[in-house]
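The values are calculated or read from the model by the stated rules, or taken from the named source; none is laboratory data. Remember, it's a predicted structure, so these values are computed and weren't measured experimentally. Methodologically, a virtual Cβ is constructed for each residue, glycine included, from the backbone with ideal geometry; neighbour enumeration extends over all protein chains shown. SASA here: full protein model, heavy atoms, side chains in, ligands and nucleic acids out. Shrake-Rupley method; radii C 1.70, N 1.55, O 1.52, S 1.80 Å.
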Amino acid sequence: ELKVEQNPLFLSMQEGKNYTIYCNYSTTSDRLYWYRQDPGKSLESLFVLLSNGAVKQEGRLMASLDTKARLSTLHITAAVHDLSATYFCAVDILGAAGNKLTFGGGTRVLVKP
Amino acid sequence: GAVVSQHPSWVICKSGTSVKIECRSLDFQATTMFWYRQFPKQSLMLMATSNEGSKATYEQGVEKDKFLINHASLTLSTLTVTSAHPEDSSFYICSAGAGGIGWETQYFGPGTRLLVL
């Protein structure tokens, strides 16, 4: 059974500082995703990482993937209040009925002034 | 592009009644649709996967007779929560997959918040 673990579960950030969220998964995967969820809202897609060594950046967020270590990281540079949200990683595996996403437990981020 | 809608966005119902939630892909045809459930402060859990014209595949622990899924077309899937009880209160999110079975990118709907009194 595929397991996806994120840590930390909660991250209190100070504006202007850098932080990293970690996502470990237990078996070989086809793709790894990062999503953002604001309170009461659905998921917003941030990144999809397809291969070992993949790195993607958008604004203050950068995601990377190490398939050998089964580890992805989401790095936040110079945190700002607008980045407060819950971040999920998800791993997909091809199933009989199509690709299935398994989500990590989420990391709740609160950026304080 | 790749917009997924859900209706209703929120619903309150009495215990014992049934509730239907619609999930539509607005500008693409979805090979597969997925239904997730999210309890407060928890992650998303996949409930079932459905392909157009075939029976849904339910995840372990999900009662298929309670959560009826109909995938009538390539743009519409419905989830019916039958005989709802307070413990079914949750945030239900659908996603629609595009790109062919086995290589879908999932596009998420805005979610439906269900409160069962």
Could you pull out the trypsin sites (Lys or Arg not before Pro) across segment B:26-109 that fall in loop regions by DSSP (anything but H, G, I, E, B) with no more than 11 other Cβ atoms inside 10 Å? B:Lys41
What is the sum of charges, Lys and Arg at +1 and Asp and Glu at -1, for the other residues whose Cβ falls under 11 Å from the Cβ of B:Leu68? +2
In whole Å, what three semi-axes, largest first, describe the equivalent ellipsoid of chain A built from its Cα gyration tensor (square root of 5 times each eigenvalue)? 24, 15, 12
Where A meets B: accessible area buried, both sides, 1.4 Å probe, Å²: 1600
Which cysteines does the protein assembly as shown leave without a neighbouring Cys Cβ under 4.7 Å? B:Cys13
Å³ per residue enclosed by the Cα convex hull of the protein assembly as shown: 118
Counting Lys and Arg as +1 and Asp and Glu as -1, each charge on the Cβ, what is the dipole of chain A about the Cα centre in debye, to the nearest 20? 120
Given Cβ point charges of +1 (Lys, Arg) and -1 (Asp, Glu) and nothing else, what value in debye, to the nearest 20, does the dipole of chain B about its Cα centre take? 240
I need the calculated FRET efficiency for the pair A:Arg60 and B:Ala2, taking r as the beta carbon distance and R₀ as 25 Å, to the nearest 0.05. 0.50
Over all directions, average the projected area of the Cα convex hull of segment B:35-86 and note it in nm². 4.1
Which log10 I(q)/I(0) values, to two decimals, does segment B:43-117 give at q = 0.20, 0.27 Å⁻¹ under the Debye formula with one point per Cα? -0.96, -1.58
Please tell me which of these pairs span more than 28 angstrom C-alpha to C-alpha: A:Lys3/A:Lys112; A:Lys3/B:Lys66; A:Lys3/A:Lys41; A:Lys68/A:Lys112; A:Lys100/B:Lys41? A:Lys3/A:Lys112; A:Lys68/A:Lys112
Loop-located trypsin sites (Lys or Arg not before Pro) in segment A:5-113, at most 11 other Cβ atoms within 10 Å (DSSP): A:Lys17, A:Lys68
